[in-house]
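I have placed the structure first, in the form of structure tokens, so that the comments after it can refer back to it.
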Amino acid sequence: MPNLKNNITDLFGIQYPIIQGGMVWVSGGKLAGAVSKAGGLGLVGAGSMKPDLLAEHIKKAQQITDKPVGVNVPLLYKYCEEQINTALDLGIKIFFTSAGSPKKYTSFLKDKGCKVVHVTSSPELALKCEAAGVDAVVAEGFEAGGHNGRDEITTMTLIPQVVDALSIPVIAAGGIGDGRAIAAAIALGASGVQLGSRFAATQESSAHDNFKQAIVNATSGSTMLSMKKLVPVRLLKNKFWEEITVMEENCTDPAKIQEHLGKGRAKAGMLEGDMNEGELEIGQISGLIKNIPTVEECMKDLVAGYNQAIERLNRKLF
Ligand SMILES: Cc1cc2nc3c(=O)[nH]c(=O)nc-3n(C[C@H](O)[C@H](O)[C@H](O)COP(=O)(O)O)c2cc1C
């Protein structure tokens, strides 16, 4: 990748500024290890793991590669402190925190010599991350799969605003599925990119085959930001999505929506492959994803696509 040795590759000690986002039920050690091995930065998604399972996945990633691997810790789950301590005990030095206050663990982790990145969906929150002392932020737009901000700020509008507001590096996320989009994010001022949906549909992801196939079958309008009265999350439309959408349209009490959501829907959908009753988190870019490559193939495509995009720009063949 020409000219892509930058502050993000230096910060993490990696080859390409391409990060595989933490994903509940999808990004285990196999995926994270493969991404790091291929020159990006793989993140084990701690959100869906009790500390002992997280330890297994970190060890699996470390068996696959001796390159840096990170951990994503969403701060809304009850085990987050134990997850952080488990990862520290296993030598993890890169933490991506999300879904909570950046103040909660940043100083603690920085004091232990770790690199800390927090995920944000607005320039205002990004400034709070910078004030909390993080090394970089992930600025994640409305297109992204998984939990998201309420304000529906798209990646195209979010990235330049966050870049202008901050003096630390910005990692763009949301709607990035190929090398053209990486070039676009860099053009907007980002130093790196975080991809979720693209890596969910790879051989090494722990998503169920039914879910991977549903990603490949998705078209441009197959997802929607849903459950805005609870915790906004972008979902693939299915029977469960229709039910909660009807409830939201009918102004159902959020407590009732929560009750219908219940427990275990995300696991049932994404890990166990229940395409009707499960909760299927995926981004708008699923409409572009048409294959289930290995991580190595995927990374090669991303890098080649980036190079082609830059070449096109240089020749002004838009
Ligand atoms: C299945 C799925 C699960 C996700 N789970 C998490 C999570 O546990 N923690 C987190 O910070 N982000 C989570 N995300 C967001 C990703 O880390 C990433 O930022 C996002 O997918 C980027 O947008 P994209 O899907 O358009 O590539 C998830 C995304 C997906 C698709």
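Considering only DSSP beta bridges where both residues belong to the chain, give the percentage that are antiparallel (nearest 5).
Of all bridge pairs located within the chain, approximately 20 percent are antiparallel.
Which entries in LYS60/LYS263; LYS30/LYS212; LYS212/LYS263 show an alpha-carbon gap greater than 25 Å?
LYS60/LYS263
Relative contact order for the stretch 214-285: what percent, with Cα pairs under 8 Å and sequence separation of 6 or more?
It rounds to 36 percent for the stretch 214-285.
Between GLU243 and HIS260, what is the label-to-label distance in nm when each label sits 7 Å out along the Cα-to-Cβ direction?
Those two pseudo-labels are separated by 0.8 nm.
In the stretch 67-86, whose amide N lies under 18 Å from the spot 7 Å out along Cα-to-Cβ of LEU230? List them in ranges.
Zone members listed by number: 75-78.
Give me the tail of P(r) for the stretch 107-193 as a percent: Cα-Cα pairs with distance above 14 Å.
In whole percent, the share of Cα-Cα pairs in the stretch 107-193 beyond 14 Å is 58.
Under 10 Å, Cα contacts only: if you run a Gaussian network model on the chain, which one of ASP178, ASP89, ASP301 comes out with the highest mean-square fluctuation?
In this elastic network of the chain, the residue with the biggest mean-square fluctuation among ASP178, ASP89, ASP301 is ASP89.
What longest region of the chain stays clear of GluC sites (Glu not before Pro) that DSSP places outside H, G, I, E and B and that have at most 16 other Cβ atoms within 10 Å?
So the longest stretch without any such site is 1-151.
Is it possible to state the helix-based mean residue ellipticity at 222 nm for the chain, with each DSSP H run of 4+ residues giving -39500 (n - 2.57), the sum divided by total residues, to the nearest 500 deg cm²/dmol? What is it?
Computed mean residue ellipticity for the chain: -11500 deg cm²/dmol.
Need the list of aspartates and glutamates near LYS229 for cross-linking: C-alpha distance under 19 angstrom, and skip anything on the same chain fewer than eight residues off.
Result set, ordered by chain and number: GLU143, ASP151, GLU152, GLU242, GLU243, GLU248, GLU249, ASP253, GLU259, GLU279, GLU281.
Report D for the stretch 214-285 in µm² per second (integer): Stokes-Einstein, Kirkwood Rh on Cα pairs, 25 °C, 0.890 mPa s.
Reported coefficient: 200 µm²/s.
At R0 = 41 Å, how high is the FRET efficiency between GLU81 and ASN6 if r is their beta carbon distance? Nearest 0.05 is fine.
Efficiency for this residue pair is about 0.80.
Once you have the Cα-Cα distance between SER167 and LYS290, take 0.36 nm times their residue separation minus that, and quote the gain in nm to one decimal.
Fully extending the segment from SER167 to LYS290 adds 40.6 nm.
Per residue, how big is the convex hull around the C-alpha atoms of the stretch 95-245? Give it to me in cubic angstrom, could you?
Spelled out: Cα convex hull of the stretch 95-245, divided by residues, is 127 Å³.
Quick one: among ALA207, ALA268, ALA190, which has the greatest mean-square fluctuation in a GNM of the chain with alpha-carbon springs under 10 angstrom?
In this elastic network of the chain, the residue with the biggest mean-square fluctuation among ALA207, ALA268, ALA190 is ALA268.
Give the residue list of trypsin sites (Lys or Arg not before Pro) in the stretch 214-285 that are DSSP loop and have at most 10 other beta-carbon atoms within 10 angstrom.
LYS263
Of all the C-alpha pairs in the stretch 21-85, what % are more than 13 Å from each other?
53
Going from the alpha-carbon gyration tensor of the chain, what semi-axes, largest first and in whole Å, does one get by taking the root of 5 times each eigenvalue?
Its equivalent ellipsoid spans semi-axes of 27, 23, 20 Å.
Return a whole-number percent for the relative contact order of the chain, with Cα pairs under 8 Å and 6 or more residues apart as the contact set.
Relative contact order comes out at 17 percent.
Calculate one ³J(HN,Hα) per residue across the stretch 45-51 by plugging θ = phi - 60° into the Karplus curve 6.51 cos²θ - 1.76 cosθ + 1.60, and present them in order as whole Hz with x for glycine and proline.
x, 6, x, 9, 10, 6, x
Considering the alpha-carbon set of the stretch 170-259 alone, what are its Rg and its Dmax in angstrom?
Gyration radius and largest Cα-Cα distance of the stretch 170-259: 16.1, 44 Å.
None of the figures in this text is laboratory data; all of them are computed from the coordinates on show. Quantities reported herein were computed from a predicted structural model and do not represent experimental measurements. No Cβ is skipped: glycine too gets one built from the backbone with ideal geometry, and neighbour counts run over all protein chains shown.
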